[in-house]
Amino acid sequence: MPRWALIVPLLAVVLLGFALALPISAWLAWLCAAALIAAVQAAVYHAEVVAHRLGEPLGTLVLALAVTVIEAALILSVMLASGTDKTALARDTIFSAVMIICNGVVGLCLVVGGLRHHEQSFRVEGATSSLAALMALSTLSLVLPSFTITSPGPSYSPAQLAFAALASLVTWAVYVFVQTVKHRDYFLPPSQAADEAVHAASPSVARSWLSFGLLIVALVAVVGLAKALSPSIEAALASTGAPKGVVGIAIALLVLLPETVAAVRAAHLNRLQTSFNLAYGSALASIGLTIPVVAIASLWLDIPLTLGLDHKDMVLLILTFVVSTLTLAFGRTHMLQGAVHLVIFAAFAFLAFVP
């Protein structure tokens, strides 16, 4: 194992401790930003070691699951600390994650892969199954609350919220079972046999466990440093006159950096199926795990929860899913499809600044 991959996560956590204990000055903010970028690189390295040991698609699930668990814990901690001030935090975070992943990450992967390999192939069965599950969960969690009438406003009643949480968790669990057990071959790269032939020897059990532990440490550092930098980011955005909701997008971008780097690297190496497993798996985990966590907190602690999107965001979500369906329809992609996704992501980011 390279020495930097061992040292960087530990140093990042130490710096996170300083950031939590001391006021964020200019020099500490720059150090935290550098440590965050370094921790992202370390997280990607250790995730690839674990993925190499476990094989596809279970390996890509590790990174997506680890990031989502930490992200859900972060959302819950902010909700408990802020109470009614953050009723829409879960909605904004999940919607931003879906838009960033389905348009930003997927679009970037398709453009990078298309520029280098012209066309790339993937398994339609796995990619479309992931998208179908994501469409269902997004509609149940982010669209329907704006149309139900039992509870006023874009929210669910307690019974409806409990149903949505259970449906999200069950759908995600079935997706993981299908991806890793029942139909594992749907999520393997088309050239899996050739890839395995050229791969290096699998890392040892001890090294894999060490990388898994360091992966968790690195991801905790990434999410913690992103949270510590949020006041500085908010102040910088406020100086430009940006709406407060833009801060959530900035934090989501930072938290999703490890998965973004890993997905783009896989597309560059002509492993687009791995990129899709990472991207759509992360989006599904973001809803399937976050909604049950915040629902339990809302019901148990009587914290109000706003889930329904406004009309502008619904249009962007529907457009994203329509274009994604066309992108995944034939099992082959090129850079034009990626460019379309990036245009939708640009529209999402622009309208966040100019709603």
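Bear in mind that the values in this text are calculations on the coordinates, not laboratory data. These numbers come from a predicted model, not from an experiment. With ideal geometry, Cβ positions are generated from the backbone for all residues, glycine too; neighbour counts draw on all protein chains shown.
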(request) Rounding to the nearest 20 debye, state how big the charge dipole of the stretch 3-353 is about its Cα centre with +1 on each Lys and Arg Cβ and -1 on each Asp and Glu Cβ. (result) 360
(request) Working from the alpha-carbon coordinates of the stretch 116-178, get Rg over Rh, Rh being the Kirkwood radius. (result) 1.18
(request) Give the calculated FRET efficiency between Phe353 and Leu10 to the nearest 0.05, with a Förster radius of 41 Å applied to their Cβ-Cβ distance. (result) 0.65
(message) Principal axis extents for the stretch 224-355, Cα atoms only, whole Å, descending order, please.
(response) 46, 38, 33
(request) Grab the Cα-Cα distance for Phe330 and Thr150, subtract it from 0.36 nm times how many residues apart they are, and report the gain in nm with one decimal. (result) 60.6 nm
(message) Past the 28 angstrom mark, what percentage of all C-alpha to C-alpha distances in the chain do you count?
(response) 42
(request) Please sort through the DSSP H helices of the chain and keep those with an alpha-carbon extent of at least 30 Å along the long axis and a Kyte-Doolittle average not below 1.0. (result) 26-54, 58-82, 205-239, 272-301
